[in-house]
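S.K.: Attaching a single structure in structure tokens format; questions to follow.
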Amino acid sequence: MTPAAAPGPREDAGLGPGPDLEDDPAGRWSWVWWALLLAAALPLAVSVVAVQRLAGDAGAVVERTGDEDAPVVLADRWALVLVAQPPGWPAAVSAFALLALAAVVAAGAPGWLIVARRRLLVGVTAAGCAVWAAGTAALSAWSVLRAPTARETATAQWGSVRPSVLDHGVETGLGVLAAAVAALAVVLCVTTREPSRDPR
């Protein structure tokens, strides 16, 4: 009977290849990773909810303009969003935070932040941020170019001032920046690999 081979120095020291980092169970400090991911996504999530509620509330548009006769169209709703809940800043904050987490994913360090499927979690969240930022930026850019609505024309006679091109331009620029940064985070998650524990 052939004797069992003695364990090599790497196996004896516990330095073998081991399971893939992406499939490792969460460690005792993994709650820090979840807290960071939640903090990164929170500004975006709150903004999405606030914008959807405000854009769907025709009564808020009527209350702000004081005109109950003119129809409430999408342009009126988005004009109110830009004044009350502009989505550019929250999207930009989340995008930069997600880019930082994507850099951690790409580097594979520090090890105590490793949780299962973190590459997928960050990538999906960043992709959602990019889509939302690009969509809201497109709406803001459209607001710069569109003609005044019937409601805006009517309220202008009472001294109501339509948001300026500068206001819309800043919001559009923030949305484009957020979309680009979030897209970069997605690219980092997709194109990089976790470093192997085996130096070979």
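The values are calculated or read from the model by the stated rules, or taken from the named source; none is laboratory data. Not measured: the values here are computed from a predicted model. FYI the Cβ positions are ideal-geometry reconstructions off the backbone, even for glycines, and counts take in every protein chain you see. Heavy atoms of the whole protein, side chains included, go into the accessibility calculation; ligands, DNA and RNA do not. Shrake-Rupley method; radii C 1.70, N 1.55, O 1.52, S 1.80 Å.
S.K.: Is at least one residue of region 148-167 open to solvent by 40 Å² or more (accessible area, probe 1.4 Å) and either touching a His at 6+ places or on another chain (Cβ under 7 Å) or modelled with pLDDT of 75 or more (or both)?
M.R.: Yes: region 148-167 contains one or more residues that are open to solvent by 40 Å² or more (accessible area, probe 1.4 Å) and either touching a His at 6+ places or on another chain (Cβ under 7 Å) or modelled with pLDDT of 75 or more (or both).
S.K.: Within region 182-198, is even one residue surrounded by 14 or more Cβ atoms within 10 Å (Cβ to Cβ), modelled with pLDDT under 80 and over 30 Å from ILE114 (Cβ atoms)?
M.R.: no
S.K.: Scan region 39-58 and tell me whether some residue there is in contact with a Gly (Cβ under 8 Å, 6 or more places away or on another chain) and either not assigned by the TED database to the domain that holds VAL181 or not hydroxyl-bearing (Ser, Thr, Tyr) (or both).
M.R.: Yes: one or more hits.
S.K.: Filter region 28-54 down to residues that are modelled with pLDDT under 85 and among the hydrophobic types (A, V, I, L, M, F, W, C) and give me whichever is most open to solvent (accessible area, probe 1.4 Å). Even if it seems obvious, please write down each step before you answer.
M.R.: Taking region 28-54 and keeping what is modelled with pLDDT under 85, we get 28-31.
From what is left, the residues that are among the hydrophobic types (A, V, I, L, M, F, W, C) are 29, 31.
On the way: TRP29: 119, TRP31: 148 Å².
This residue is TRP31.
S.K.: Additional query: Output the number of residues of region 122-156 satisfying the condition of being under 31 Å from the mean Cα position of the chain (by Cα) and part of a helix (DSSP H, G or I).
M.R.: 24
S.K.: Same structure, new question: Can you pull out the residues in region 87-124 that are β-branched (Val, Ile, Thr) and open to solvent by 40 Å² or more (accessible area, probe 1.4 Å)?
M.R.: Within region 87-124, VAL93, VAL124 meet the criteria.
S.K.: Step by step: first the residues of region 112-137, then only those that are among the small types (Gly, Ala, Ser) and touching a residue at least 60 places away in the same chain (Cβ under 8 Å), then the one that is farthest from VAL46 (Cα to Cα). Which residue is that?
M.R.: ALA116
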